[in-house]
1. Taking 60 Å as R0, compute the FRET efficiency from the Cβ-Cβ separation of B:R6 and A:E46 and round it to 0.05.
2. Could I have the simple spin-label model distance between A:L57 and B:R41, label points 7 Å from Cα toward Cβ, reported in nm to one decimal?
3. Summarise the partner chain shielding of A:20-30 as one whole number: the mean count of Cβ atoms from other chains within 10 Å of each residue's Cβ.
4. So if R0 is 22 Å, what FRET efficiency would A:A114 and A:L212 give, r being the distance between their Cβ atoms, rounded to the nearest 0.05?
5. Please work out whether the stretch A:243-283 counts as rounded, prolate or oblate from its C-alpha gyration tensor, where a ≥ b ≥ c are the square roots of the eigenvalues and a/c under 1.5 means rounded, while otherwise a/b larger than b/c means prolate and anything else oblate?
6. Return, ordered by residue number, the residues of the stretch B:127-158 whose backbone nitrogen is under 13 Å from a label point located 7 Å along Cα→Cβ of A:F29.
7. B:Q239 to B:R184: extension gain in nm, 0.36 nm per residue of separation minus the Cα-Cα distance?
8. Net charge within 14 Å of B:S156 by Cβ-Cβ distance, Lys/Arg positive one each and Asp/Glu negative one each, not counting B:S156 itself?
Amino acid sequence: MIVFILRRLLWLVPTLWVIVTLSFFLMRFAPGGPFDGERKLDPKIEENLKHKFGLDLPLHRQYLRYLGGLLRGDLGPSMVHRGRTVSEILGEALPVSLLVGFCSIAFAVAAGTAAGLIAAWRQNSAVDYALMSVAALGVSVPSMVLAPLLIGVFALKLGLFPVASWGTPLHLVLPVVALGSIFAARIARLTRAGVLEVLQQDFVRTARAKGLSEFMILLRHALPLGSIPVLSYLAPATASILTGSVVIETIFYLPGIGRYFVSAATERDYTLALGTVIVYSTLLVVLNLFSEIAQALIDPRVKPR
Amino acid sequence: MIVDSRAFRRFRRNRLAVVCGVFVAGLAACALFAPMLAPYRFDERQPEVGALPPSWRHPFGTDLHGRDLLSRMLYGSRISLAVGVAATLVSLVIGVSYGSVAGYRGGALDNAMMRLVDVLYGLPFMFFVIILMMVAGRSLINLFLALGAVQWLTMSRIVRSQVMSLKEREFVEAARAAGASGGRILFRHILPNLLGPVIVYAALNVPAIMLEEAFLSFLGLGVQEPTPSWGLLVWDGVQTMEVCPWLIVFPAGAFTLTLFALSFLGDGLRDAFDPRSRA
């Protein structure tokens, strides 16, 4: 297991290298540059700026310089936000994104598992149909539709939550629900299907014969095994939560890295855009690793590769 | 052909899927005949009118520039559906050829090709699409290519596993004994048998890509004004939702309904073509 984790972490290095290289060169092929603002800069000033950020060097030299900085953990200065380094900006923005993302996953898993378990427990009852209809609808409501809906109802009409911005725990509720709901719906469907399948297996009959209560069977036997499809779904889900957070941060004006990525990409802030991509990719690989470990721990049939 | 009448009978019995199929067909017709159906042009501005709530003249109201929302949605459905279908076709071409070569050749080549897919799976793809759109410019063709280029991974995995089991079957052996070349066997004997799973996956892929197009347009990296796409209309609606709620309600509702219909149509097709993989 430890060897497996170490090997996966080692894979992170070549993966990140590919990502950095691809994004570095792709971005340089994009027309425009970080200093093409609204008004034209004096050529002399532009020259100086380019020199300051090393943009006057040949491309391969710039690339090597960037890699060298990266090895020392230096993401370079931001080219648009003058006087600030990329590490500073991301250091402020990352906790916001992590908090929103983590709460969304937690919300999706908690709500989805509970709904799926209840639906399976009361299979074919009104509760089951109600929960599963909501889930069926929920899997096709994208966050960019749900978010304005939630704002409209809970912030503008009822005034229960702040419309946008950041600060108190109350600011967290609407973004988390908007981001997590679609995953909660899918997890509910997966959990229900998984639990129902486990309930038909022989060892469950043994447990029943042993006199275990139906509730204990569900909790001790059906839920862990029935959650395996959920666990393998968690990896792609966290990936989409990462990308989905870009939209959510834009709608709710959250100061997270998703918003910085979009503005950095459109403003050609090369260093900030690259830094964001690196942070996102690392997160993605590490989260994938977590979900694989969890799968291997629960299901002895899964052999870590 | 593996697409047999039994599958269609199974599909017909699934009422929800049939209803969704009819809805999607109707929507496709609306998109196709948008110029005839739309009461106004999508970029016909009436600045003196401004944003009007729904009325008989404008069933879905008008936006801030006085453009008829129903007409914009009709034209927008063309863009959204076209992107969904075209990008799926792009991903189909890449995924099927990549997966079938890996599956058919097997061995070290297969290993290397699938390792690459594993690595690519770990990449935050949406960011590449965003960067690609920056590099190539915001045109429809680029949107097709960029979205298709990142959606082929799952398709290649499905095709590979299918080809691996098909190539051991007797009819392939017979073709080989008759002296058919590798390419001929792949194209004439194996690929036609892949039609079922490929259709199913493609159908499930269309809503996913439409969502990604909406996402890009939403961030200002998809189609360009005044061309409407549903993502763009939703974003316009979000910005003005406090004063003109109809600008968000109609596009968001239509978009959600379409995604719902497409994904349940895809589920229905999967259950009909492959009853074992019921999830």
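1. After rounding, the FRET efficiency stands at 0.30.
2. Between A:L57 and B:R41, the label points sit 5.3 nm apart.
3. Counting Cβ atoms of other protein chains within 10 Å of each residue's Cβ and averaging gives 3.
4. Efficiency, from the Cβ-Cβ distance: 0.55.
5. oblate
6. Only B:129, B:131-137, B:146 fall inside the zone, counting backbone N under 13 Å.
7. Using 0.36 nm per residue and subtracting the Cα-Cα distance, I get 14.3 nm.
8. +2
All of the numbers you see were taken from the coordinates with simple rules; none came from a lab. Treat the numbers as computed from the prediction; the structure is a model and nothing was measured. Here Cβ is always computed from backbone atoms with ideal geometry, including for glycine, and neighbour counts include all displayed protein chains.
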